[in-house]
1. Once phi is turned into θ = phi - 60°, what whole-Hz ³J(HN,Hα) does the Karplus curve with 6.51, -1.76 and 1.60 give for every residue of segment 250-259, x standing for Gly and Pro?
2. Taking the simple approach of a point 7 Å from Cα along Cα-to-Cβ for both K250 and V217, what is their distance in nm?
3. Got a number for carbon plus sulfur as a percent of segment 111-265's accessible area, 1.4 Å probe?
4. For segment 166-234, what does the alpha-carbon gyration tensor say about shape, rounded, prolate or oblate, given a ≥ b ≥ c as the root eigenvalues, a/c under 1.5 as rounded, and a/b over b/c as prolate?
5. Please work out how much length the chain gains when fully extended from I156 to E52, using 0.36 nm per residue of separation minus the C-alpha to C-alpha distance, in nm with one decimal.
6. Using 30 Å as the Cα-Cα cut-off, could you pick out the over-long pairs in K138/K194; K59/K146; K146/K202; K38/K146?
7. What accessible area, in Å² to the nearest ten, does a 1.4 Å probe give for K38?
8. Please list 68-75, 230-237 highest first by mean number of surrounding beta-carbon atoms within 10 Å per residue.
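The values are calculated or read from the model by the stated rules, or taken from the named source; none is laboratory data. What you see is a predicted model, and the numbers here were worked out from it, not measured in a lab. Cβ coordinates were reconstructed from backbone atoms using ideal geometry, including for glycine residues, and neighbour counts include every protein chain displayed. What goes into the accessible areas is simple: the full protein's heavy atoms, side chains included, and nothing from ligands, DNA or RNA. Shrake-Rupley method; radii C 1.70, N 1.55, O 1.52, S 1.80 Å.
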Amino acid sequence: MDLNNLEIPKNLVLLITDYGLRILGAIAIWIIGNWIIKKLLSTSKKIMIKRELEESLQKFLLNLLSWTLKVLLIIAILSKLGVETTSFAAVLAAAGLAVGMALQGSLGNFAGGVLIMIFKPFKIGDLIEAQGEIGVVKEIEIFTTKLTGLSNREIIIPNGSLSNGNIVNYTTEGTRRVDLVIGVSYDADIKQTKEVLMEVLKTNTKVLQTPEPTVNVLELADSSVNFAVRPWCNAEHYWDVYFETTENVKLALDKAGIEIPYPHQVEIQKKG
């Protein structure tokens, strides 16, 4: 049998050539695609570091981006090899939709966590009020934020609710105003009472003199003249100033002979 005289079918040659070119193209797409993915991930990481995103969020987003790009790369390679990718993409889309519906609440919390970490309405160590809770931020995670409550309770708030609600950050400005209402008898001298209350504020070393503390008549109530006592302090001294001022005001008013009204019970004795 003379192998030299064998004729290779023309269709076979075309088929081998076609598939050979497709395989070479697929290999080229794989090499170039991986290079592009590495560059994109490296650039994304630099941007995240520059934006000072949380490390846990960086890892999650980079992994998500990496898998998304790799899936797109595989689809491109399969398409180059002649594999029908329309149905494959449809299956992926349907699976993604099903997972999204099943994890709707979790995805909302994840999105909220991303927004919190990007826009940073608060940071670890801040005292905030949100969702009816007050506490110091302990941890900011992907799905939840943990606070340490004022009574040393651990409070866990879903990030979805947290990012969509009102947040009061008491730490951002560095200082806080303590709002107290002190009532005295109508018989008390207003000028003397203001002097006594102001002296209490000025002798407390934790009370800031800038902004200046204020004492003003707030209202003429049913049984008392109420004064608005407004000292300023550093955020971390808020409760110290609150409690110390309340106690020292009582002691100072007693010492000055200024009465603080309180309800009196009158006992009526029946005759007979």
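1. 4, 5, 5, 5, 4, 5, 7, x, 9, 7
2. Between K250 and V217, the simple spin-label model gives 2.7 nm.
3. 51
4. oblate
5. Result: 35.1 nm gained on full extension.
6. Violating the 30 Å limit, Cα to Cα: K138/K194; K146/K202; K38/K146.
7. The accessible area comes out at roughly 150 Å².
8. 230-237, 68-75
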